[in-house]
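Structure, as structure tokens:
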Amino acid sequence: MSVAELEFRDAVRDALDEELARDESVVFFGEDVGKPGGVFAVTGGLQERHGDRRVFDTPISELAIAGAAFGAAITGLRPVIEIMFGDFLFLAMDSLANQAAKYWFISEEQASVPLVVRSAVGAGGRFGAIHSQTPVPWFQGIPGLKIVAPSTPRDAKALLKGAIRDDNPVLFLEHKRLYSVKGEPGSSDEVAPLGRAAIVRPGSDLTLVTAMKGVHDALAAAEELATEGIDVEVIDLRTLRPLDRDTVLESVRRTNRLLVVEEGPRTGGWAGGILADVAEDGLEYLDDVWRLTTADAPIPYSPPLEDAFLPSAERIVTSVRKHLNSTPVNSTA
Amino acid sequence: MSVASPIAVSMPRLSDSMEEGTIVRWLKPAGDSVAAGEPIVEIETDKATMEYEAEAAGVLEIVAEEGTTVALGEPIARIVPVGASETPPPPEPRPSSAPPARPRATPIARRLAAEHGIDLAAVSGSGRRGHIVKADVEALAPNGSEATPPSPTPTPTPPPTPTRARRHELTRIQQRIASRMAESRATVPDFEVEVEIDMDDCMGLREELAAHADPAPSINDMVVKACALALTRHPRANGSYRDGGFELHDEVNVGFAVAAPDALLVPVIRDANRKSVAEIARESRALALRAREGKIAPPELSGATFTVSNLGMYGITRFTAVINPPQAAILAVGAVRAKPVVCDGALAIGRTMSATLASDHRILYGADAAAFLGEVRDRLESPIGLLV
């Protein structure tokens, strides 16, 4: 008899629910998060349980939401806000990049900004070019801002709790294609530290580094490649800033090969940054390094084009075969 | 077309011990006209980096690219003489005269090949685009290769590389130092004798000389001079054990160790026994400066028959040095220090310096070494003799 599995969206809601219950200074607001329960059905019931003074809907203004959250955070509350689509984070940029991320430093580490920004990112849902982006690099270059990007329900819950308890701003990214994923729940009071990657599948031939939905693609690809004798180690970064470079480097020292899979444009992406880190600190261990990203183009709306555009288990398998000079095992058919 | 046949430029012998040289920089691009006597290339030998000049006029064709190491006598370039014809020779398309391509290999394959002494040119690559990868080198390595266990427990391989260590390839000079020092320790049966030298009179003389000589001779210059004079009377200390015989040198050439950036160089004062202390001072200053600036020429670093190594300027009281084969001995000199001494049965404050002689017992035996070192001490304790 197995423990009931936890759905990703429920994991997020449970983390919010439990933190709202645990700490009165936690508040949660955004567009359609209160009464409607969120456009991805993540936050239903929270307003009923915690009241409309702590969980409430806002006008459609990302800058107003983020500005209010910054003000609340520096005056004693621990706000969690939702920016419905990651594509709209750009509208909140000034509050996040110039105000929230800098305050700790320009106050000489006297005033912290305990603020969490939840946002749904990722493509594959036929949402088109301006509702499908994963704009990590826009935020990864901002010192003072942490970026969390979970891949499993258990991590989503434990990391969101860790983010809410962090005393400075955290961007918490939820991949839309993961909301309905189910997985083992973990213990209810688990709180994960930010900034640590996890080796989710050990292997000896190749280190495959990725995050969010990419982890599921990587694990599926690893299963397929195992039938050809290629033993892939999969690392789930879990946090994209700060990046756990040590775990990646330690793995590459053993496998001598590195593939980074990023759902985002190749130019300016975080995959390139990881390749650069590894080349700088581990060049003498390398047989091969490369990355699999999207093309430098907006995400297509056409379903066949969108599928072809994104990294997938199939594209990972093909790419690894090419780099390791492996050929697929012939099926009996 | 009246173009004469090209003249091959091969790796020149720029020092008496060099076996190969590294092309540091081409001073003229391929296809340029060069004049006879014009410097065309910088070459790093086991001793120094030097310019090398074109032996004939013509158009330069480069064979060995920058960074490559070429054995003595192997071609590094060609010079195509230009005839009297008014039509200039068509420049050779550069790729066709390119050197044999560097084998395509990944960084770890290169590292492992170097560690196992495997020539990558003899390895066929199984990786992408024909790259030689780790597995290709491991297949040829004598006993497997660096352990990469799938388990997270590290295997206790003999040299446990710290995880944060960085590897630096040796320069040619560092390679030379490493092999010479290892050769010395492995093949020379060495032993040490040590004396404490009363330097009071030397210090006094030096102060007096300061008024008369520019630069003022240093203690080290006096040690060099004292050694040179003593060497003339102890030929085996100025000799070499070589191929089962003694070679006793007519010249007394005293080398002195100089710490240069990333290297240890030993410039040589030739005929030091026939030079005045002031001349030795001038020469050693100039040589040390050139050594530190990397501008010293190989002839200035070769031919020593004896070496003095002085760490007194670091406050080192005594140490032993490694003999530089085929020399018979090396003198390690410490700092001049004020300390209590017994003088005429009473305690006094003296200034003394330790000198430790490491000798090759195949040519310089215990009593010989002691006699030689005793004479060095006597000459430094009565330094007026250094001036005549």
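The values are calculated or read from the model by the stated rules, or taken from the named source; none is laboratory data. Keep in mind that this is a model prediction, so the values were computed, not measured. Methodologically, a virtual Cβ is constructed for each residue, glycine included, from the backbone with ideal geometry; neighbour enumeration extends over all protein chains shown.
What the table shows:
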{"quantity": "Close pairs (8 angstrom Cβ cut-off, 6 or more residues apart or separate chains): of a type in the set (Phe, Trp, Tyr) in region A:98-113, not in a loop (DSSP other than H, G, I, E, B) anywhere", "calculated": "A:TYR103/A:PHE70; A:TYR103/A:ILE74"}
{"quantity": "Single match in A:ILE60, A:ILE81 (criterion: hydrophobic (A, V, I, L, M, F, W, C), in the same structural domain as A:GLN133 (by TED's automatic domain parsing) and under 21 Å from the mean Cα position of the chain (by Cα))", "calculated": "A:ILE81"}
{"quantity": "Which listed residue is within 15 Å of A:VAL116 (Cα to Cα) and within 20 Å of the chain's Cα centre (by Cα), from A:ALA92, A:ALA41, A:ALA72, A:ALA68", "calculated": "A:ALA92"}
{"quantity": "Region B:73-116, subset modelled with pLDDT of 85 or more and part of a loop (DSSP other than H, G, I, E, B), residue surrounded by the most Cβ atoms within 10 Å (Cβ to Cβ)", "calculated": "B:THR106"}
{"quantity": "Of all residues making up region A:298-325, the number that are aromatic (Phe, Trp, Tyr) and either outside any loop (DSSP other than H, G, I, E, B) or at positive phi (or both)", "calculated": "1"}
{"quantity": "Those residues of region B:212-263 which are polar (S, T, N, Q) and not in a helix (DSSP H, G or I), in sequence order", "calculated": "B:SER218, B:ASN238, B:SER240, B:ASN253"}
{"quantity": "Subset tally (residues that are in contact (Cβ under 8 Å) with a residue 60 or more places away in the chain and either small (Gly, Ala, Ser) or part of a helix (DSSP H, G or I) (or both)) for region B:275-298", "calculated": "11"}
{"quantity": "Yes/no for A:GLY183 being surrounded by fewer than 19 Cβ atoms within 10 Å (Cβ to Cβ) and closer than 21 Å to A:ILE235 by Cα", "calculated": "yes"}
{"quantity": "Meets criteria (in contact (Cβ under 8 Å) with a residue 40 or more places away in the chain, closer than 20 Å to A:LEU96 by Cα, touching a helix residue (DSSP H, G or I) at 6+ places or on another chain (Cβ under 9 Å) and in the same structural domain as A:LEU96 (by TED's automatic domain parsing)) for A:VAL26", "calculated": "yes"}
{"quantity": "Qualifying residues in region B:38-72 (those that are under 23 Å from B:VAL266 (Cα atoms) and of a type in the set (Ser, Thr, Tyr)) - the one surrounded by the most Cβ atoms within 10 Å (Cβ to Cβ)", "calculated": "B:THR45"}
{"quantity": "Out of B:SER276, B:SER240, sole residue that is assigned by TED's automatic domain parsing to the domain that holds B:TYR365 and surrounded by fewer than 19 Cβ atoms within 10 Å (Cβ to Cβ)", "calculated": "B:SER276"}
{"quantity": "Region A:200-248, subset among the β-branched types (Val, Ile, Thr) and not in a strand (DSSP E or B), residue surrounded by the most Cβ atoms within 10 Å (Cβ to Cβ)", "calculated": "A:VAL215"}
{"quantity": "Criterion: within 27 Å of B:GLY204 (Cβ to Cβ) and assigned to a helix (DSSP H, G or I) - qualifying residue of B:PHE319, B:PHE372", "calculated": "B:PHE372"}
{"quantity": "Residue list for region B:217-248, filter: over 15 Å from B:PRO383 (Cα atoms) and in contact with a helix residue (DSSP H, G or I) (Cβ under 9 Å, 6 or more places away or on another chain)", "calculated": "B:LEU231, B:THR232, B:ARG233, B:HIS234, B:ARG236, B:ALA237, B:ASN238"}
{"quantity": "Any hit, region B:145-164, residues being under 18 Å from A:TYR285 (Cα atoms), at pLDDT 85 or above and within 11 Å of another protein chain (Cβ to nearest Cβ)", "calculated": "no"}
{"quantity": "Leading residue by the ranking (surrounded by the most Cβ atoms within 10 Å (Cβ to Cβ)) among those in region A:283-297 that are facing chain B (nearest Cβ under 9 Å) and not in a strand (DSSP E or B)", "calculated": "A:ASP287"}
{"quantity": "Any chance A:THR327 is farther than 24 Å from B:PRO107 by Cα, within 14 Å of another protein chain (Cβ to nearest Cβ), surrounded by fewer than 19 Cβ atoms within 10 Å (Cβ to Cβ) and among the polar types (S, T, N, Q)", "calculated": "yes"}
{"quantity": "Test result for A:ALA279, in a helix (DSSP H, G or I) and within 14 Å of chain B (Cβ to nearest Cβ)", "calculated": "yes"}
{"quantity": "Positions within region B:194-211 being in a loop (DSSP other than H, G, I, E, B) and exposed (fewer than 12 other Cβ atoms within 10 Å of the Cβ), in sequence order", "calculated": "B:ALA211"}
{"quantity": "Residues being of a type in the set (Lys, Arg), in contact with a helix residue (DSSP H, G or I) (Cβ under 9 Å, 6 or more places away or on another chain) and buried (at least 16 other Cβ atoms within 10 Å of the Cβ) - total across region A:78-127", "calculated": "2"}
{"quantity": "Scope region A:233-259; condition more than 15 Å from A:ARG291 (Cβ to Cβ) and within 12 Å of another protein chain (Cβ to nearest Cβ); matching residues", "calculated": "A:GLU233, A:ASP246, A:THR247, A:LEU249, A:GLU250, A:SER251, A:ARG253, A:ARG254, A:THR255, A:ASN256"}
{"quantity": "Subset of region A:260-272 that is in a helix (DSSP H, G or I) and within 16 Å of A:ASP236 (Cα to Cα) - its residue that is farthest from the other protein chains (Cβ to nearest Cβ)", "calculated": "A:TRP270"}
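Residue-by-condition table, conditions (1) at positive phi; (2) over 12 Å from the mean Cα position of the chain (by Cα); (3) surrounded by 21 or more Cβ atoms within 10 Å (Cβ to Cβ); (4) modelled with pLDDT of 95 or more:
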| residue | (1), (2), (3), (4) |
| --- | --- |
| B:LEU264 | no, no, no, no |
| B:ILE269 | no, yes, yes, yes |
| B:ALA286 | no, yes, no, no |
| B:PRO298 | no, no, no, no |
| B:THR305 | no, yes, yes, yes |
